[in-house]
1. Starting from the amide H of residue 242, placed 1.01 Å from N in the peptide plane, find each other amide H under 5 Å away whose residue is 5 or more places distant or on another chain.
2. Considering only Cα-Cα distances, which of the following residue pairs are longer than 24 Å: 163/293; 49/146; 170/231; 68/293?
3. Taking the Cα centre of each part, how many Å lie between region 182-252 and region 33-74?
4. For 249, 300, what ranking results if the residue with the fewest other Cβ atoms within 10 Å of its Cβ goes first?
5. Under the definition of Cα pairs under 8 Å and six or more residues apart, what whole-number percent is the relative contact order of the chain?
6. With θ set to phi - 60°, apply the Karplus curve 6.51 cos²θ - 1.76 cosθ + 1.60 along region 268-282 and write out the HN-Hα couplings as whole Hz, x wherever there is a Gly or Pro.
7. Rounded to the nearest 5, what % of the DSSP beta bridges within the chain are antiparallel ones?
8. Could the peptides 217-224, 169-176, 71-78, 36-43 be put in order, highest first, of the mean number of other beta-carbon atoms found within 10 Å of their residues?
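Read-outs throughout are calculated quantities, based only on the coordinates presented, and are distinct from any laboratory measurement. Everything quoted here is computed from the prediction, not taken from an experiment. Cβ placement follows ideal geometry from the backbone for every residue including glycine, while neighbour counts extend to all protein chains displayed.
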Amino acid sequence: MKALVSAVVICLGPVAALSQAVDPGFAFGRDYTFERMTATRRVDDADDKGDLRLVSYVYRPAKAAGTKVVLFSHGSTAGLSRSAKEPLDGPPFGLIRFFVSRGYTLVVPMRRGRAESSGKYVEECSVFSGECTTADQLRLGERGIKEALADSNAVLDQIVFGKLTAPGSKIIAAGISRGGFLSLMLAAERKEVGAIVNFVGGWYGITDNLSADENRERMADHKARLERAAKKVSVPSIWIYAARDAFNKEGIPQELHRYWTDAGAGPSEFVFIPEHNLPNGHFIAQNPALWEKQLDSFLKEKR
């Protein structure tokens, strides 16, 4: 999701603090393994021609490795306030620990042009450098979502199914910010998605920094896409948001969720954290203590 004139940037989520890099309760080698896995996707457009190299970060339980998979989608660059090629360190460490300690393999794809993946990043253009306007960002939405879905499908087909779990197995589609919204769209395309975990999802930012007309246009775009997808999705979803979110004005998350449920999507739980000590509610995935009970309950119920 974009926060076009904000100094706060969310990519995969807040990068783990250095103090979290070594956690005696959850350690690399003893509790989890890490590797990079690569998929390819052939493109032929004005920006790239040939095979794109799509790198995924894969976190697995070290001891009781199973076949349960979570595909975790990253967020945006906040209107290219930072280079799309800057390295991404992965999801918040607490989120990795949450899923892996429960027996899930966590697969985090870098989409076209992001971090170690090749090609041009086409989901956004740079408002800050004057390359485009906030209105231009909205016009990029259709292509951006199609590209993000194509990248996700390549990773599912070439990495997840066959290498990490059997073809046709059910997976969880999860993500943060733009990646949370993408997970909802992906569930409408892939029958293998058995549940959706949406952290602070939205393709565009809806903020006080934009005009009322711009926010209305963005909400109308969200509404149309959510309603179309919801009609195809019967699997359960959980939406997790928090107060003081720099990317979502007050009441926006609830309205997005209403679009989804009113259009007939499968059972959906909305979790809102009104009180927290985070500097920004968009950082909610950083602190599992705020949502792990609700997510544990959701994961148990979906089995």
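1. Residues meeting the amide H criterion: 273.
2. Correct reply: 163/293.
3. 23 Å
4. Ordered from fewest to most neighbouring Cβ atoms within 10 Å, 249, 300 come out as 300, 249.
5. Values: 640 pairs, mean separation 56.6, N = 303.
Relative contact order of the chain: 19 percent.
6. Each residue of region 268-282 in turn: 9, 9, 10, 10, 10, 9, x, 10, 6, 9, 6, x, 7, x, 5 Hz.
7. That works out to approximately 40 percent antiparallel.
8. Details: 217-224: 17.0, 169-176: 24.8, 71-78: 27.9, 36-43: 15.5.
The most tightly packed comes first, giving 71-78, 169-176, 217-224, 36-43.
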